[in-house]
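A short worksheet on the structure shown next.
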Amino acid sequence: MKYASEDQEGTAARPAGGPDRPAPARAARSASGAAPSHDEQRGTRNRVARSILDHGPSTAAELALRLELTQAAVRRHLDALVAENVVEPREKRVYGARTRGRPAKVFALTDCGRDAFDQSYDQLAADALRWIAESAGGGELGEAAIAAFARARFAALAESYRHAVEAADPEGRTQALAEALTADGYAATARSAPSHQLGEQLCQHHCPVAHVAEQFPQLCEAETEVFSRLLGTHVQRLATIAHGDGVCTTFVPKGHQSAGKAAHRTTKTTTASASTAGRNPA
C-alpha cells in the first residue's frame with residue numbers, strides 16, 4: 001500500500017464550522033444516504049494515517065477533531081490500519097505528575113506505515129550516483145565509477161543469495177534465486193520460457209530501484225551480471241520495469257542445469273553483454 005503525499009479526499013464535503021468542530025454522526029454516510037464506498041473509506045483511512053504523520057502520535061479524539069469525523073468512525077479506521085500494520089497503539093507519554101485513570105491510548109505510524117508514504121529516497125539515491133559520477137571526472141570515468149558502485153552493491157547482495165542457489169538441485173536453481181529475490185521485495189517467479197526446451201525466464205514483478213535505474217542503467221547491468229555468476233551461465237535481460245516494461249524478465253538458458261555445482265566453483269564468470277543487460281530487446 002502506498003499513500004500519496006497529499007490528502008486524496010476532497011474538502012468540498014466537509015461540514016462548515018472550521019477544523020475545531022467535529023462532524024455530526026451522519027457524516028459517516030454520503031449525501032445520498034448510502035454507506036461510504038470502498039474508495040471513500042480508503043480515502044478517509046489515508047487521511048487518518050496522514051494526520052498521524054503530520055502531527056505525530058495521536059488519540060482517536062484528537063484525530064476526530066482534526067479530521068471532522070466522529071470518534072467511532074476514526075476508531076473503525078484505526079482498527080483497520082492496525083490490522084494492516086500501518087499504525088500501532090501505544091500508551092500516551094505523560095510529562096510531569098500523572099493524573100488518575102488509565103493513560104490515554106495514542107496511535108503512531110509503524111515503520112511499514114512510514115514507508116507507505118511517498119519518500120524522497122529515489123531522488124537521494126539518484127543525487128548520490130550523480131555525485132559519484134561527477135567526483136570521478138564525469139564522462140566515461142563517471143560512467144565507470146557508477147558501474148563499479150553498482151557491481152559492489154549487487155556483489156554484496158549476491159552473497160546472501162549464493163547459499164540458497166548452491167543448495168538447490170541444478171534444475172531448481174532459477175527457482176531458488178527467485179525465492180531469494182522475493183524475500184528481498186522483488187516479487188520474483190521462475191517459469192519455463194515460451195520454448196521451454198531452450199530455458200527459463202526469471203521474472204521480477206517489482207523493482208525497488210526502478211526509478212533510479214531509469215537514469216542509471218548500470219544498476220540493471222550489474223544485477224544481470226550477478227544472476228549470471230550465481231547461475232553459472234550467460235543470461236540475457238529481455239525487459240525491465242525501469243525501461244517501461246511491466247516485468248523485469250531475464251532469460252536463463254536450459255544448458256545451465258547440466259553444468260551442476262561445478263559452475264559455481266569456477267573462477268571464470270560469464271556476464272550478460274552490455275548491449276542487452278538492463279535494456280529492452282530491439
The stretch 162-187 - residue that is open to solvent by 20 Å² or more (accessible area, probe 1.4 Å) and charged (D, E, K, R) and, of those, modelled with the lowest pLDDT: Asp184
Could you look through the stretch 200-218, keep only residues that are in a strand (DSSP E or B) and not hydrophobic (A, V, I, L, M, F, W, C), and pick out the one that is farthest from Val235 (Cα to Cα)? Gln204
The stretch 142-154, residues that are open to solvent by 40 Å² or more (accessible area, probe 1.4 Å) and touching a helix residue (DSSP H, G or I) at 6+ places or on another chain (Cβ under 8 Å): Glu143, Phe149, Arg151, Arg153
Please go through the stretch 65-88 and give me each residue that is open to solvent by 40 Å² or more (accessible area, probe 1.4 Å), closer than 13 Å to Gly113 by Cβ and not in a strand (DSSP E or B), ordered by number. Val82, Ala83, Glu84, Asn85
I'm checking my understanding of the structure. Among residues of the stretch 188-197 that are of a type in the set (Ser, Thr, Tyr) and open to solvent by less than 60 Å² (accessible area, probe 1.4 Å), which one is farthest from the chain's Cα centre (by Cα)? Ser195
For the stretch 242-255: of the residues being more than 23 Å from the chain's Cα centre (by Cα) and surrounded by fewer than 23 Cβ atoms within 10 Å (Cβ to Cβ), which is modelled with the lowest pLDDT? Gly255
Are any of the residues in the stretch 1-18 of a type in the set (A, V, I, L, M), at pLDDT 75 or above and either surrounded by 15 or more Cβ atoms within 10 Å (Cβ to Cβ) or assigned to a loop (DSSP other than H, G, I, E, B) (or both)? no
Given the criteria exposed (fewer than 12 other Cβ atoms within 10 Å of the Cβ), at pLDDT below 95 and more than 30 Å from Ala242 (Cα to Cα), does Arg45 qualify? no
Could you count how many residues in the stretch 159-178 are under 18 Å from Thr249 (Cα atoms) and in contact with a helix residue (DSSP H, G or I) (Cβ under 7 Å, 6 or more places away or on another chain)? 4
Please list, ordered by first then second residue, the pairs with beta carbon atoms under 6 Å, 6 or more apart or interchain, first in the stretch 89-116 and open to solvent by less than 30 Å² (accessible area, probe 1.4 Å), second modelled with pLDDT under 70. Ala116/Met1; Ala116/Lys2; Ala116/Tyr3
Identify the residue in the stretch 48-64 that is more than 21 Å from Asp111 (Cα to Cα) and hydrophobic (A, V, I, L, M, F, W, C) and, among all such residues, is most open to solvent (accessible area, probe 1.4 Å). Ala61
Can you run down the residue pairs with Cβ atoms below 6 Å, 6 or more apart or on separate chains, where the first is in the stretch 182-205 and over 11 Å from Val247 (Cβ atoms) and the partner is in a helix (DSSP H, G or I) and open to solvent by 20 Å² or more (accessible area, probe 1.4 Å)? Ala190/Gln175
Residue under question is Pro217, and the condition is that it be free of Cβ contacts under 8 Å to residues at least 12 places away in the same chain, out of contact with any Ser or Thr (no Cβ under 6 Å at 6 or more places or on another chain) and farther than 24 Å from Ala164 by Cα; does it hold? no
Anything in the stretch 221-241 that is open to solvent by 10 Å² or more (accessible area, probe 1.4 Å) and within 13 Å of Tyr186 (Cα to Cα)? List them, or say none. Glu223, Ile241
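The values are calculated or read from the model by the stated rules, or taken from the named source; none is laboratory data. The model shown is predicted, which means the values in this text are computed figures rather than measured ones. Heads up, the Cβs are rebuilt from the backbone with ideal geometry, glycines too, and the neighbour counts pull from every protein chain shown. The area values use the complete protein model at the heavy-atom level, side chains included, leaving out ligands, DNA and RNA. Shrake-Rupley method; radii C 1.70, N 1.55, O 1.52, S 1.80 Å.
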